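A.B. asks: Please see the structure below; I have some questions.
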Amino acid sequence: MINKLFYIIYNSYYKNGEYKDDTPSLTVGGIFLICFFCSGLSILNIIGWVDPLYYHMKLSKTTVFLEIILYGSIVYFLFYHNKRYQRIYEKYKEDAFLNSQLAKFIGFFIVILIIISPFMLALVHDRIFLGHWMRIS
């Protein structure tokens, strides 16, 4: 599933090798790094809901830096090790659905949803758990 999502996003930037100002593989890798980081933040947010003691802990700059290194390593081994992104592209380039506008819409919708999910979860936490759902400011 992640390979298909990678292909959809990568193909949006790649344009059959006719790109000018951008290196599509690095751009898409950065997008996936941000997605993995935001997924981690969402998981930490949910853990904070379940364990009230954890909710009061704060993330330090060192922790965030180590998480970025971890997620960067995951992105490297998932997509770049031995130029795996090229094999993913070759595998799915003939797939009609993955090249359609609907697949592009769904792919970018999923990526955007993943990126904004920690913020949505934080908003829900503030509104429900802290009792501010009906407060208008």
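Bear in mind that the values in this text are calculations on the coordinates, not laboratory data. Since this is a predicted model, take the numbers as computed values, not measurements. Reconstructed Cβ throughout: ideal geometry from the backbone, glycine too, with neighbour counts over all protein chains shown.
A.B. asks: List the trypsin sites (Lys or Arg not before Pro) in the range 27-118 that DSSP assigns to loop (not H, G, I, E or B) and whose Cβ has at most 13 other Cβ atoms within 10 Å. Which are they?
C.D. replies: Within the range 27-118, the qualifying trypsin sites (Lys or Arg not before Pro) (loop, at most 13 other Cβ atoms within 10 Å) are LYS58, LYS93.
A.B. asks: Same structure again: Could you list VAL111, VAL64 in order of exposure, starting from the residue whose Cβ has the fewest other Cβ atoms within 10 Å?
C.D. replies: VAL64, VAL111
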